[in-house]
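Asker: The structure under discussion is supplied below as structure tokens; questions concerning it will follow.
The values are calculated or read from the model by the stated rules, or taken from the named source; none is laboratory data. Since we're looking at a predicted model, the values are computed, not measured. In this analysis, Cβ positions are derived from the backbone assuming ideal geometry, glycine residues included, and neighbour counts consider all displayed protein chains. Quick note on the areas: whole protein, heavy atoms, side chains included, nothing else; ligands and nucleic acids left out. Shrake-Rupley method; radii C 1.70, N 1.55, O 1.52, S 1.80 Å.
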Amino acid sequence: MAEKNGEVQEIKHQEVGHKSLLQSDALYQYILETSVYPREPESMKELREVTAKHPWNLMTTSADEGQFLNMLLKLINAKNTMEIGVYTGYSLLATALAIPEDGKILAMDINRENYEIGLPIIEKAGVSHKIDFREGPALPLLDQLLEDVSFIFIQP
Ligand SMILES: C[S@@+](CC[C@H](N)C(=O)[O-])C[C@H]1O[C@@H](n2cnc3c(N)ncnc32)[C@H](O)[C@@H]1O
């Protein structure tokens with residue numbers, strides 16, 4: 001969904017195509033309508049629709065990507081996660097819904113205002129207790145977090 005001339009319209013694949021591997025707009029739209037949107041939790045739908053009215057809405061994670069993220073997190077039994085770049089919180093909500101009740105997300109963004117657009121929906125979904133939002137650039141915070149760490153293994 002996106003707002004154009006005061007009307008809310010569906011975002012078409014052409015507008016989010018840079019985020020998709022699919023080359024066909026019609027196929028992507030078909031997948032969204034027949035497979036992705038019917039499986040989207042109500043809270044995610046609400047956040048997607050609110051985000052669509054925001055002028056920077058192209059920054060948001062797409063609905064298919066949100067469901068992929070949610071599935072991936074469940075597959076690896078993720079509990080403690082980090083998110084760099086929250087915007088209005090679509091991927092944050094996908095994560096918060098996937099991790100267990102005592103899971104935690106350290107969420108960082110330089111812009112709190114956009115996070116606060118989605119926050120009431122995240123609260124209503126009953127998952128805001130999992131989120132530790134920090135406003136500011138992520139790098140200094142990551143440096144701070146790494147101060148007490150003596151070994152990191154990254155498997156690319
Ligand atoms: C593409 S958006 C993130 C989309 C989000 N994951 C979602 O699902 O809607 C990128 C975000 O990164 C944030 N950002 C940019 N530079 C940053 C930095 N140095 N540290 C933390 N966040 C940053 C921006 O404010 C913006 O909200």
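Asker: Among residues belonging to region 19-42 that are open to solvent by 20 Å² or more (accessible area, probe 1.4 Å) and in contact with a helix residue (DSSP H, G or I) (Cβ under 6 Å, 6 or more places away or on another chain), point out the one that is modelled with the highest pLDDT. It would help to see each step written out before you state the result.
Answerer: Within region 19-42, the first condition is being open to solvent by 20 Å² or more (accessible area, probe 1.4 Å), and the residues that meet it are 19-27, 29-31, 33-35, 37-39, 41-42.
Okay, now just the ones that are also in contact with a helix residue (DSSP H, G or I) (Cβ under 6 Å, 6 or more places away or on another chain), so 20, 22, 25, 29.
Values: SER20: 65, LEU22: 75, ASP25: 83, GLN29: 88.
Checked region 19-42; the qualifying residue modelled with the highest pLDDT is GLN29.
Asker: To continue, here is another question. What do you reckon, is ILE110 within 14 Å of the ligand (Cβ to nearest atom), among the β-branched types (Val, Ile, Thr) and free of Cβ contacts under 8 Å to residues at least 40 places away in the same chain? Lay out the reasoning, then the answer.
Answerer: On the way: within 14 Å of the ligand (Cβ to nearest atom): yes; among the β-branched types (Val, Ile, Thr): yes; free of Cβ contacts under 8 Å to residues at least 40 places away in the same chain: yes.
Spelling it out, ILE110 is indeed within 14 Å of the ligand (Cβ to nearest atom), among the β-branched types (Val, Ile, Thr) and free of Cβ contacts under 8 Å to residues at least 40 places away in the same chain.
Asker: Could you say which residue among GLU65, GLU123 is open to solvent by 40 Å² or more (accessible area, probe 1.4 Å), part of a helix (DSSP H, G or I) and near the ligand (Cβ under 9 Å from one of its atoms)? Step through it out loud before you land on a result.
Answerer: Values: GLU123 fails: near the ligand (Cβ under 9 Å from one of its atoms).
Criteria check complete, one pass: GLU65.
Asker: Could I ask something else about it? Name the pairs whose Cβ atoms lie under 7 Å apart, with the first residue in region 14-32 and polar (S, T, N, Q), the second at pLDDT below 80, and 6 or more positions between them or separate chains?
Answerer: Close Cβ pairs (under 7 Å, with a partner that is at pLDDT below 80) amount to SER20/HIS13; GLN29/LYS12; GLN29/HIS13.
Asker: Just give me the residues in region 68-93 being in a loop (DSSP other than H, G, I, E, B), within 23 Å of LEU139 (Cα to Cα) and either near the ligand (Cβ under 10 Å from one of its atoms) or among the β-branched types (Val, Ile, Thr) (or both), in sequence order. Steps first, answer last, please.
Answerer: Step one: filter region 68-93 for residues in a loop (DSSP other than H, G, I, E, B), giving 76-79, 85-89.
Retained after the next criterion (residues that are within 23 Å of LEU139 (Cα to Cα)): 78-79, 85-89.
Passing the criteria: GLY85, VAL86, TYR87, THR88, GLY89.
Asker: State all residues of region 40-62 that are outside any helix (DSSP H, G or I) and touching a residue at least 24 places away in the same chain (Cβ under 8 Å); if no residue qualifies, say none. Steps first, answer last, please.
Answerer: Taking region 40-62 as the starting set, the residues that turn out to be outside any helix (DSSP H, G or I) are 40-41, 53-56, 60-62.
Correct list: GLU40, PRO41, LYS53, HIS54, TRP56, THR60, THR61, SER62.
Asker: Does ASN80 satisfy the condition of being at negative phi and touching a Phe, Trp or Tyr at 6+ places or on another chain (Cβ under 9 Å)? Break it down into steps so the answer makes sense when it comes.
Answerer: Numbers: at negative phi: yes; touching a Phe, Trp or Tyr at 6+ places or on another chain (Cβ under 9 Å): no.
No.
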